[in-house]
């Protein structure tokens, strides 16, 4: 057990992850380059947004880093899961990396990853709470069970290196988090892992060990996602697959604007709006009450959204 | 002054408005036909959704009618502006017509209209409150000040027939309602009129007179919108205008999912989700941090979103 890591150390780790993720996606795209915007927040801190638009593989790839601080209104800390009295203002510090990539091809799934470190103090700077959070998940348009299985097995391997309980717990957490409750509990995608409020002592691990875990999650995509991109990028597709991709992206928009706590936190704390909403797809569609024939690829994809034990799947 | 109009009477008026609006847009489209879905709500009531997709003029036109009733959780009535104690459950009845049309051409603005009647009783059925609400507003992609002026003048003429204060008050209410507060207070469009909680005695008018006003608003689009559609439908446009239209639609999605109280009410009361979200555009785009050159049509359109006195404009 140990005290919270220095903010400077966590910010430096996030900077490294951010650079690694940018280089990774620039290489994986095979064509486009990232535009970079540095922004600062009137209340304290700032970030670096990097966006690749109209790439060779990715229609849009956004890789964000931020380190922000300021005052949280009374009650806000409790809503974030903090172990603090709900009725008072607190000071927060948060640093993290967040990325979303929207491929052109409906055969390649959309990927999302986020890792973050959060600290709370009282108004005098006395530490109140500190935790880590993060996760990564996949949103396919086309039903390839073997891709879902690959992604989950890669995440299980990352988790298993740190604690035998992590994959099962964080996979289930993910299944319960990315849910469009207003759409009859339809999941956003085929899941992955999600976790939050991991504190010193979690599962017997000190904060340093948890930091190692979270940084491993932040570096998971070359093993978990790149092989999927490479084996699907040259597959043919048509207008029908593209339209279904745009409709699935519509559900992605609904989740992010209505339910996602990172987005809501960003809107509330006055972070740079273009960075907060960088996760939104470049193009999305809403088709009215579509019906998909049994056995169609669309129906098969929707069936795949029901949570299942992908890491143990036989495919 | 009089008591609340019979629910049956209001439901019948809404049915007539719904039929009129469907016939109007079918004629105005000049090509497509409406699909109709009737739905019922487990908690009570139901509605009729009519959608025209891929029409000649409209990429999507949705005209909804609903009459729903049920129990509101404690506090919900107060959030709707009801004059009732906030701490108790109430019974509600609501009937209304809501429509949104998304034209293909970026030269034709998107139009929205809604009229509604709302009643609250206690759990024993004793009347607590009753009111009317509604409005109509325009969301252009291309900057035609004369179209904004025409729309507002037509609405002012409707309002002026009922009370000299209505246009000014309800125009201002609209300007303050359709605001993307998370986008530095950018307005969704060039406004129109918006009003809610109009009760018996409002501005010295009895409920019957208010019903007449609201029904006139419900019938305003043939005068306020049709001339705009007819003079813009044959104008040429290119990829650049279309892309900006899709980006403006992205802001439309943001407003409806994050801020619109009708949408939030629909999501909370378990109305049919495909009807609640029928207002969403068929296709929308999010461009990252776009910059528009001074003097470009995009910059001119954005400048037009700043509220101004369109009915008095000289154009």
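From the list A:208, A:226, the lone residue that is more than 30 Å from residue B:267 (Cα to Cα), out of contact with any helix residue (DSSP H, G or I) (no Cβ under 9 Å at 6 or more places or on another chain) and in contact (Cβ under 8 Å) with a residue 60 or more places away in the chain is A:208. Within the range A:270-310, if we keep just the residues that are surrounded by fewer than 20 Cβ atoms within 10 Å (Cβ to Cβ) and over 30 Å from residue B:51 (Cα atoms), the residue that is farthest from the other protein chains (Cβ to nearest Cβ) turns out to be A:309. When the range A:51-63 is limited to residues that are within 11 Å of another protein chain (Cβ to nearest Cβ) and in contact (Cβ under 8 Å) with a residue 24 or more places away in the chain, the one that is nearest to residue A:95 (Cα to Cα) turns out to be A:62.
If only residues of the range B:293-315 that are outside any loop (DSSP other than H, G, I, E, B) and more than 20 Å from residue B:251 (Cα to Cα) are counted, the one that is farthest from the chain's Cα centre (by Cα) is B:312.
Quick grid of which residues meet (1) part of a helix (DSSP H, G or I); (2) in contact with a strand residue (DSSP E or B) (Cβ under 9 Å, 6 or more places away or on another chain); (3) within 14 Å of chain A (Cβ to nearest Cβ):
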position	(1), (2), (3)
B:8	yes, no, no
B:15	yes, yes, no
B:20	yes, no, no
B:49	no, yes, yes
B:66	no, yes, no
B:84	no, yes, no
B:99	no, yes, yes
B:107	no, no, no
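From the list B:179, B:211, B:217, the one residue that fits, being at pLDDT 95 or above, surrounded by fewer than 22 Cβ atoms within 10 Å (Cβ to Cβ) and within 22 Å of residue B:65 (Cα to Cα), is B:211. Please find, within the range B:40-61, the residue that is modelled with the highest pLDDT out of those that are under 17 Å from residue B:269 (Cβ atoms) and surrounded by fewer than 16 Cβ atoms within 10 Å (Cβ to Cβ). Result: B:40. Filtering the range A:114-144 to residues that are in contact (Cβ under 8 Å) with a residue 24 or more places away in the chain and either under 19 Å from residue A:233 (Cβ atoms) or in a loop (DSSP other than H, G, I, E, B) (or both) leaves A:122, A:123, A:125, A:138, A:139, A:140, A:141, A:142, A:143, A:144. For the range B:35-42, the criterion of a residue being free of Cβ contacts under 8 Å to residues at least 24 places away in the same chain, away from chain A (no Cβ under 14 Å) and in a strand (DSSP E or B) is satisfied by at least one position. Every condition in (1) buried (at least 20 other Cβ atoms within 10 Å of the Cβ); (2) touching a strand residue (DSSP E or B) at 6+ places or on another chain (Cβ under 6 Å) holds for residue A:228 except the one numbered (2).
The values are calculated or read from the model by the stated rules, or taken from the named source; none is laboratory data. Source: prediction; values computed, not measured. Please note: Cβ atoms are built from the backbone with ideal geometry, for glycine as well, and neighbour counts cover all protein chains shown.
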